[in-house]
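Heads up: the structure comes next, in structure tokens.
The values are calculated or read from the model by the stated rules, or taken from the named source; none is laboratory data. Here the structure is a predicted model, which means the values were calculated and not measured. Every residue, glycine among them, receives a Cβ derived from its backbone with ideal geometry; neighbour counts consider all protein chains shown. Side chains are part of the model used for accessible areas, which takes the heavy atoms of the whole protein and leaves out ligands, DNA and RNA. Shrake-Rupley method; radii C 1.70, N 1.55, O 1.52, S 1.80 Å.
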Amino acid sequence: MTENYSGEYLSVKIRENWHYIGVNDRETRLFENMWPLENGVSYNSYLYTGEKTALLDTVKINKTSNFVEKLDSALGGRDLDYLVIHHMEPDHSGSITSVLDLYPNCKLVGNKKTKEFLENFYELAEYGFDYENNFIEVAEGEKLDLGDTELTFYLTPMVHWPESMVSYEESTKTLFSQDAFGAFGALSGAIFDDEINWEFYLDDTVRYYTNIIGKFSAQVRGALNKLSGLDIEMICPVHGPVWRENPGRIVKLYNQLAEQETQEGVAIVYGSMYGNTEKMAETIARQLAVRGVKNVKIYDVSKTHLSYLVSDIWRYEGLILGSCTYNNSIFPLMNNLVETLRNQKMKNHTIGVFGSYSWGGGALKALKQFAEDSGYDKIEATAEAKGTPSEKDYADCIEIGNQMADKIIEKRATQLTKMLGM
Ligand code: FEO
């Protein structure tokens, strides 16, 4: 089939001797078996065919056959000299053994941790892989000679795994950034940033960052700082678009996300069995609107997937959590959110909490504890209904709205003063 094919499906030229041979996955429903992929995801891979041939990362195993077809086509009958492994998570390493089967002379390139993970995941030694002669171990700043060009490696641990590293090709000023600068969303024909409508990818990029990489924002800041000295004209991540027209755009977004710069607005998330806690959430939201807070989003924790909640909670400065009491404790789905937030270690938030008592209480106590532990700026008012909210309970909800609005208005005034240099 490939002999007469003349379109760009199999391989897209990104620079002289460089090819995009990534694949789209629209069949996997959950990334890492947790995060919904409504718009799919791409596993990007790049091939160099100059004096030497080098493959940069592979793809998840469910897409191996599409991938090796592309690899074979782009190699045009040549052997593969190197496979560079920037990241060992199986969405990128899943086809390594197939590549080795097809190109047994290929040398693997990775760092010390890569080697350890290769063995843990694929037991290559057991299948006869000769690490001594066929694994090239690289360290920070070391280079791989490709004959007419070279790649320089920079270690970026925890962006996204301990062995993660990026490479930079100086002659074309291209950064191969693995998970960094990536996004959810399959590529629908368009590969490059100048071919896409960025609006289609923005929310999925934020959701990808906040859920997959966000916990490691300190390490992301370290990596961004380390790479800031490079003159970068093109960024080739392993998910989402290739950035050739405006790489500064994705760098800026990642900087903002890693710095945890929040926007004006409030995310209200509630867990409610029979609608009483929901009524309290609506009351708080109405008061925020009355006080002029425009970006308010209410979510039912039972309906909206955690990943969308995390994304908007990351985005907005105000967070209000409400939970009904379920068997003397917090509503289990709200507990899942709270534990996720503890794990994500987000910053720069103001938090308020409320709940319903049912027959013995427990939810509000747990939320108050979370608010205390979070280190966020707290609003003092809380509300707790025993069943259907009473007039006093509604008044307490209005007070939560007022106090959150006060904080937001105060912050807005401080920012304005700063901007005007007063
Ligand atoms: Fe896309 Fe951390 O793997």
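Taking 8 Å as the Cα distance limit and 6 or more residues as the minimum spacing, I'd like the relative contact order of the range 264-420 as a percentage.
This gives 27 percent for the range 264-420.
Given the range 3-258, what percent of its DSSP beta bridges are antiparallel, to the nearest 5?
Restricted to the range 3-258, the bridges split so that about 65 percent are antiparallel.
Quick one: in the range 58-180, what % of C-alpha pairs are over 25 Å apart?
Cα-Cα pairs in the range 58-180 separated by more than 25 Å: 20 percent.
Roughly how tilted is helix 332-344, in degrees to the nearest 10 and between 0 and 90, from the longest Cα axis of the chain?
60
Just want to confirm a number: the relative contact order over the range 3-258, from Cα pairs under 8 angstrom separated by 6+ residues, in percent.
17
Could you tell me what a quarter of the Cα convex hull surface of the chain works out to, in nm² with one decimal place? Let's see the in-between values first.
Values: hull surface 93.3 nm².
Value for the chain: 23.3 nm².
Can you tell me the FRET efficiency between residue 171 and residue 145 if r is taken as the Cβ-Cβ distance and R0 is 22 Å, rounded to the nearest 0.05?
Details: r = 13 Å, r/R0 = 0.57.
In this case the efficiency is close to 0.95.
Springs between alpha-carbon atoms under 10 Å, Gaussian network over the chain: tell me which of 101, 193, 204 tops the mean-square fluctuations.
Looking only at 101, 193, 204, the biggest GNM fluctuation is shown by 101.
Among the chymotrypsin sites (Phe, Trp or Tyr not before Pro) in the range 326-416, which ones are in a DSSP loop with at most 13 other Cβ atoms within 10 Å of the Cβ? Mind listing them?
Sparse-neighbourhood loop chymotrypsin sites (Phe, Trp or Tyr not before Pro): 359.
Distance from the Cα centre of the range 89-119 to that of the range 14-49, in angstrom?
17
Pick from 338, 220, 266: which residue has the top mean-square fluctuation in a GNM of the chain where Cα pairs under 10 Å get a spring?
Greatest mean-square fluctuation among the candidates belongs to 338.
Jot down the per residue volume, in cubic angstrom and as a whole number, of the convex hull over the alpha-carbon atoms of the range 264-420.
Spelled out: Cα convex hull of the range 264-420, divided by residues, is 97 Å³.
Quick one: which of 279/418; 252/365; 347/418; 52/345; 13/226; 13/345 span more than 32 angstrom between C-alpha atoms?
Pairs exceeding the cut-off: 279/418; 252/365; 52/345; 13/345.
Specify the angular offset, from 0 to 90 degrees and rounded to the nearest 10, of the alpha carbon long axis of helix 64-75 from the longest principal axis of the alpha carbons in the chain.
40
Among 189, 240, 128, which one moves the most in a GNM of the chain with springs linking Cα atoms closer than 10 Å?
128
Counting residues in the range 1-142 as N, plug N into 2.2 N^0.38 Å and put the Cα Rg over that result. Provide the component values of the computation, followed by the final result.
On the way: Rg = 15.3 Å, N = 142, 2.2 N^0.38 = 14.5 Å.
Cα Rg divided by the expected 2.2 N^0.38 Å: 1.06.
Using 1/(1 + (r/R0)^6) with R0 = 56 angstrom and r between the beta carbons of residue 119 and residue 395, what's the FRET efficiency to the nearest 0.05?
0.35
Given Cβ point charges of +1 (Lys, Arg) and -1 (Asp, Glu) and nothing else, what value in debye, to the nearest 20, does the dipole of the chain about its Cα centre take?
It works out to roughly 1780 debye.
Top to bottom by accessible area (1.4 Å), largest first, where do 249, 291 land?
Details: 249 110, 291 75 Å².
Largest accessible area first, the list is 249, 291.
Hey, if you drop one equal point scatterer on each alpha-carbon of the range 160-259 and run the Debye formula without solvent, what base-10 log of I(q)/I(0) do you get at q = 0.11, 0.18, 0.21 Å⁻¹?
Rounded to two decimals, the profile gives -0.29, -0.81, -1.12.
Rounding to the nearest 10 and keeping the result within 0 to 90°, find how far the Cα-based axis of helix 391-419 lies from the longest principal axis of the chain.
That helix lies at roughly 50 degrees to the long axis.
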